[in-house]
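Asks: Sending over a structure as structure tokens; questions will come in a sec.
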Amino acid sequence: MTITPTSTTATFASGCFWCTEAIFKRIRGVSNIKSGYTGGKIKHPTYLEICSGLTGHTEAIQFIFDPTLIDYDDLLAIFFYTHDPTTLNRQGNDVGTQYRSVIFYHDEAQAHSARSFIEKSTRDQVYNNPIVTAIQPATVFYEAESYHQDYYDQNTAQPYCSFVIGPKLEKLRKQFLDKLKNPD
């Protein structure tokens, strides 16, 4: 998809970027999705470096979305629904600061939407525990190594993909069928 004047960038971190990429890749209006690293203190980190937990980066995805096809609030709803925003530095068996939950906003409208979403979820007691998702300004996004890109679709038989990502996609399908590119 070509970037149009209405296209906007979003950057989310919700644990393993393989999971997050597989989810958002299926959303209507989302394109140019990349897995990578952001929020850290060194330039051009490698996967091994960020796995140490010492660089400050988190695994994240960055993508372009067309707000005429999907709005940012819907993207936030999908983001929060498809991971546990109440666990600090952890998603399932993935543990470390590189797996923290973060919304990296690209403008004040995104920051406001993210804060409002968290405030409403807290007020409505959507979760049993407090939301720990950070809201931070977007910084440099470093694209991950090529073998991390489109990981799920290239490795569906791999156990992590079958047992972790597959159920997340089924959950997505049940809740957000109307937001999928291919609802069949």
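Read-outs throughout are calculated quantities, based only on the coordinates presented, and are distinct from any laboratory measurement. Predicted model only: the values in this text are computed from it and were never measured. With ideal geometry, Cβ positions are generated from the backbone for all residues, glycine too; neighbour counts draw on all protein chains shown.
Asks: I'm trying to understand the selection: among the residues of the stretch 97-134, which are surrounded by 17 or more Cβ atoms within 10 Å (Cβ to Cβ) and of a type in the set (K, R)?
Replies: R100
Asks: Looking only at the stretch 74-133, which residues are more than 20 Å from E21 (Cα to Cα) and of a type in the set (F, W, Y)?
Replies: Result: F117, Y127.
Asks: Give the number of residues within the stretch 110-159 that are under 23 Å from F63 (Cα atoms), assigned to a helix (DSSP H, G or I), touching a residue at least 24 places away in the same chain (Cβ under 8 Å) and not hydrophobic (A, V, I, L, M, F, W, C).
Replies: The total comes to 6.
Asks: Looking at the structure I just gave you, is N93 on the phi < 0 side of the Ramachandran plot and over 18 Å from the mean Cα position of the chain (by Cα)? I'd like the intermediate steps shown before the answer.
Replies: Numbers: on the phi < 0 side of the Ramachandran plot: yes; over 18 Å from the mean Cα position of the chain (by Cα): no.
Criteria not met by N93.
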